[in-house]
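Nothing in this text is a laboratory measurement; each read-out follows from the coordinates by a stated rule. Remember, it's a predicted structure, so these values are computed and weren't measured experimentally. Here the Cβ positions follow ideal geometry from the backbone for every residue, glycine too, while neighbour counts run over all protein chains shown.
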4 protein chains.
Amino acid sequence: MISHQYTFRVVYSDTDQMGYVHHSNYAKYYETARWELFRSLDISYKVIEDSGFLLPVTSLSVKFIKPASYDQLLTVNTTLKAVRGARMIFSYEIVNEKDELINRGETILAFIRKDTRKPCHPPLLVLKALEDGNLI
Amino acid sequence: MISHQYTFRVVYSDTDQMGYVHHSNYAKYYETARWELFRSLDISYKVIEDSGFLLPVTSLSVKFIKPASYDQLLTVNTTLKAVRGARMIFSYEIVNEKDELINRGETILAFIRKDTRKPCHPPLLVLKALEDGNLI
Amino acid sequence: MISHQYTFRVVYSDTDQMGYVHHSNYAKYYETARWELFRSLDISYKVIEDSGFLLPVTSLSVKFIKPASYDQLLTVNTTLKAVRGARMIFSYEIVNEKDELINRGETILAFIRKDTRKPCHPPLLVLKALEDGNLI
Amino acid sequence: MISHQYTFRVVYSDTDQMGYVHHSNYAKYYETARWELFRSLDISYKVIEDSGFLLPVTSLSVKFIKPASYDQLLTVNTTLKAVRGARMIFSYEIVNEKDELINRGETILAFIRKDTRKPCHPPLLVLKALEDGNLI
């Protein structure tokens, strides 16, 4: 298991008229957080795409525990829980500045080849980075 | 159980560089679809907010089965599955123009009072509309 | 000059905590409105891309006259003002349900080839549709 | 004149199927950049709203010079050009990692009171911060 922390500030355009972050934005926060986890392993999602692979999300679940507000600093704790066949499973916990857990979620992603759009094993550059870190 | 169909065309800004709809947009599609279900019952989410209530999402799950593309006509089949205490549970199935199931999801929402931000029973205007339709 | 009217309902996720539509969304409304103008001429922006061309925005200007709110029906009056070399110039006026002018803007777009990403003349399918309508 | 630099990384969800940042996102980049300029003066836009004022955008113009891509580090150079009555005028220049100018724009914003939604002079906390820095 690999974990990573990503901290960011909530921008104005992510709020809605309830005065909180619109719930659709958490999927974006998860996305940025998991590619920052990748970056911490010296892999870049951009390089994965450039080398002929895509990693779309096949499943998303989110529990909204407390609202988040404009200008708050939020931290996403991301964990790569498992690599199984074509799939990678990530979980996320978001805490606010008071270290309160406000959100928890999970995504499953599956590697596909850019040309065929068919599922495939993780590219070697990903497997190598995980192996180098004794992560698989 | 109440069901409703909402059809819309995928706009360009909802795509990403994979060439498909970005996965964060489905939560927005669900949102518009459930308020159109409400509209079909002569309730408007705007009137609910104007009368002092909010209905935030507390849980979201999405299965991405097939990708959706720019300019496709998608139809969201929305079902109000249950009303329990402060909570309403909706499920969604999205089909494309070929009537292929491309996406399936569920959201749980909870009524809160705008002033106290505390959970509360559904406002009378909602209960009345559901009762009038023999829906609860 | 060709004009077209496109009417749509403001969705919840387009609002921000001021209680109005966030200003970044108007560029999206313009975009959908101009491709609906194209559709009214039996051209589809999708077909333009599929035939090897892209039409990115090179210039955008927007005047925000009155705010727009959730659930309002807005109408975008779009005009294709000119086709000059690679460029197409569109203007937009948005009115609300009371027929009040709330927003006015202009975009310039330029055809480029998908393969070279270099500017080019409008593809024949676009010129033909404009000529058939005595529009150029 | 006050200037500020804000650097950020382009996230995946900001791209569209052209493979570049969708043009509607620049208004969001400008927004975050100008509140970071405010933060550098020890003013926070959140505090402005909390003290009873709003600062909506009344005019936006953008020139798109070169495209931006996923994962690039972009820097917004923001300048507060003028404070006139209720209005603040900001200009923006965005450069990429190669220090190429890719985008240039301007926004006009106008202070309004949250309760009346009428234009008003800048709140004292803003004027004081500008005066302290010999900026007005």
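Largest mean-square fluctuation among D:N25, D:N77, D:N103, in a Gaussian network model of chain D whose springs join Cα atoms under 10 Å apart, belongs to D:N25.
Taking the axis that rotates chain B onto chain A, the chain B residue nearest to it by Cβ, with the distance rounded to whole Å, is B:S61, 2.
Using only the Cα atoms of the protein assembly as shown, build the gyration tensor, take square roots of its eigenvalues as a ≥ b ≥ c, and label the shape rounded, prolate or oblate: rounded if a/c is under 1.5, else prolate if a/b is larger than b/c, else oblate. The shape class here is rounded.
Calculated FRET efficiency, B:K81 to A:L125, Cβ-Cβ distance, R0 = 56 Å: about 0.80 to the nearest 0.05. Pairs exceeding a 24 Å alpha-carbon distance, out of C:K98/D:K81; A:K28/A:K81; B:K66/C:K128; A:K63/A:K98; C:K98/D:K63: C:K98/D:K81; B:K66/C:K128; C:K98/D:K63.
Sorted from nearest, the other copies put their B:S69 label points 2.3, 4.1, 4.6 nm away, the label point being 7 Å from Cα in the direction of Cβ.
Inter-copy label distances at A:D50, using a point 7 Å along Cα-to-Cβ, come to 3.2, 4.3, 5.3 nm with the shortest given first.
Scan segment A:9-116 for GluC sites (Glu not before Pro) in coil per DSSP, keeping those whose Cβ has at most 16 other Cβ atoms within 10 Å, and list them by number.
A:E97, A:E100
Qualifying trypsin sites (Lys or Arg not before Pro) in segment A:1-77, where qualification requires a DSSP coil assignment and no more than 13 other C-beta atoms within 10 Å, are lacking entirely.
Only DSSP H runs of four or more residues enter the estimate; each adds -39500 (n - 2.57), and after division by the residues of the protein assembly as shown the mean residue ellipticity at 222 nm equals -7000 deg cm²/dmol.
Compute the separation of the alpha-carbon centres of segment B:73-136 and segment B:1-37 and state it in Å as a whole number. One Cα centre to the other: 15 Å. Here the calculated FRET efficiency for C:S44 and C:I65, from their Cβ-Cβ distance with R0 = 22 Å, stands at 0.10, rounded to the nearest 0.05.
Computed from point charges on the beta carbon alone (+1 for Lys and Arg, -1 for Asp and Glu), the dipole magnitude for segment B:2-132 about its Cα centre is near 520 Debye.
With everything on Cα atoms, drop me the angle between helix C:25-40 and the longest principal axis of chain C, reported from 0 to 90° to the nearest 10. Between the helix axis and the principal axis of chain C, the angle is about 50 degrees.
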